[in-house]
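Below is one structure, written out as structure tokens, with a few remarks after it.
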């Protein structure tokens, strides 16, 4: 059974204009996205800035309301839930945010930040049990329990991200959406946080949706990788298959931009023309066709390619993928 199953998910934001704030258009941040995540699996999600990665992650944990589609968590459609019903389910799926500086309340101590979720979901029978739980969580993420009385500004970026991870773990979730959790950190600290996430996954059986723009990081931590462009999924496959034999021209361009350690590497750099189109007015047909090196008229300009299984377990949304 899938832990998470997303079907035809859309998140469109209205663009209002004029004296009466009438809706003139919609930003199609996430446009008809479907995928699954198995228990204990890490699914990597990559793409350029503005492609809809963060919006997708926020929609899954219901921080953003979906416009259409279904989000099945353990077989239940949480897209239809709200209020107390949603709050009761929310402890099973949590989020780690990109900015370790802005995601923690500066007026609360570390103990209060972690303990808040414990209080909301009534997971401690007494104040001593609550305090013990906070100490255990701080140890689990590699921080000294003595730091529970300190405030976020007293910690480095890497330590703050560890606090964010401890806060997510406080309610014993089954799925954590990691929204570029290492992009704001130094490279050496990135490796520590990635290793911590992998250790916690093995110990607690966690599943991750790991959002990032660094393909090397995604390949390291993920079992499967999903590539997004302009609100749509353009490729989905095992991590090694995506890196070694990408099927979609956009994925090929992304991988060609990854720096090579080997100076004798023969990899050819693919430079895409133009800029990413506006999600308010996306191109007709294939959303990638204005920049695609293999696009052909009229099929690419008219027909939207479906995400199809090109080879076993390897899906691509391209008319010419094979």
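Of all the criteria given as (1) in contact (Cβ under 8 Å) with a residue 12 or more places away in the chain; (2) more than 19 Å from residue 201 (Cβ to Cβ); (3) part of a helix (DSSP H, G or I), the one not satisfied by residue 161 is (2). Whether any residue in segment 256-272 is in contact with a helix residue (DSSP H, G or I) (Cβ under 8 Å, 6 or more places away or on another chain), assigned to a helix (DSSP H, G or I) and either over 12 Å from residue 45 (Cβ atoms) or at pLDDT 85 or above (or both) is what I want to check. Taking every residue of segment 256-272 in turn, none turns out to be in contact with a helix residue (DSSP H, G or I) (Cβ under 8 Å, 6 or more places away or on another chain), assigned to a helix (DSSP H, G or I) and either over 12 Å from residue 45 (Cβ atoms) or at pLDDT 85 or above (or both).
Taking into account only those residues within segment 89-129 that are surrounded by fewer than 17 Cβ atoms within 10 Å (Cβ to Cβ) and assigned to a helix (DSSP H, G or I), which is nearest to the chain's Cα centre (by Cα)? Across segment 89-129, the extreme among qualifying residues is 89.
Out of all the residues in segment 154-161, is one or more under 23 Å from residue 122 (Cα atoms) and either in contact with a helix residue (DSSP H, G or I) (Cβ under 9 Å, 6 or more places away or on another chain) or surrounded by 18 or more Cβ atoms within 10 Å (Cβ to Cβ) (or both)? Checked against the condition, which is being under 23 Å from residue 122 (Cα atoms) and either in contact with a helix residue (DSSP H, G or I) (Cβ under 9 Å, 6 or more places away or on another chain) or surrounded by 18 or more Cβ atoms within 10 Å (Cβ to Cβ) (or both), segment 154-161 yields no hits at all.
Got a number for residues in segment 293-307 being surrounded by 13 or more Cβ atoms within 10 Å (Cβ to Cβ) and within 26 Å of the chain's Cα centre (by Cα)? Going through segment 293-307 one residue at a time, the tally reaches 3. Criterion applied to 290, 277, 246 was being surrounded by 12 or more Cβ atoms within 10 Å (Cβ to Cβ), free of Cβ contacts under 8 Å to residues at least 24 places away in the same chain, closer than 25 Å to residue 9 by Cα and under 22 Å from the mean Cα position of the chain (by Cα), and the one residue passing it is 246. Within segment 178-193, restricting attention to residues that are touching a helix residue (DSSP H, G or I) at 6+ places or on another chain (Cβ under 6 Å) and in a helix (DSSP H, G or I), the residue that is modelled with the lowest pLDDT is 189. With respect to the conditions (1) crowded, with 16+ Cβ neighbours inside 10 Å; (2) part of a loop (DSSP other than H, G, I, E, B); (3) at pLDDT below 90; (4) more than 15 Å from the chain's Cα centre (by Cα), residue 66 falls short on a single one, namely (3). Would you be able to tell me the number of residues in segment 1-40 that are out of contact with any helix residue (DSSP H, G or I) (no Cβ under 9 Å at 6 or more places or on another chain), part of a loop (DSSP other than H, G, I, E, B) and touching a residue at least 40 places away in the same chain (Cβ under 8 Å)? So the answer is 5.
Taking the numbered list (1) within 25 Å of residue 42 (Cβ to Cβ); (2) in contact with a helix residue (DSSP H, G or I) (Cβ under 6 Å, 6 or more places away or on another chain); (3) in contact (Cβ under 8 Å) with a residue 40 or more places away in the chain; (4) outside any helix (DSSP H, G or I) in turn, residue 166 passes all entries but (4). Looking across 185, 175, 196, one residue alone is surrounded by 16 or more Cβ atoms within 10 Å (Cβ to Cβ), in contact with a strand residue (DSSP E or B) (Cβ under 6 Å, 6 or more places away or on another chain) and on the phi < 0 side of the Ramachandran plot. It is 175.
Within segment 236-255, one or more residues are in contact with a strand residue (DSSP E or B) (Cβ under 6 Å, 6 or more places away or on another chain) and in a loop (DSSP other than H, G, I, E, B).
Every test in (1) closer than 21 Å to residue 56 by Cβ; (2) surrounded by fewer than 21 Cβ atoms within 10 Å (Cβ to Cβ) is passed by residue 203 save one, and that test is (1). Restricting attention to segment 75-88, the residues being under 19 Å from the mean Cα position of the chain (by Cα) and assigned to a loop (DSSP other than H, G, I, E, B) number 0.
The values are calculated or read from the model by the stated rules, or taken from the named source; none is laboratory data. From a predicted model like this one, the values you see are computed outputs, not experimental measurements. All Cβ positions, glycine included, derive from the backbone under ideal geometry; neighbour counts span all protein chains shown.
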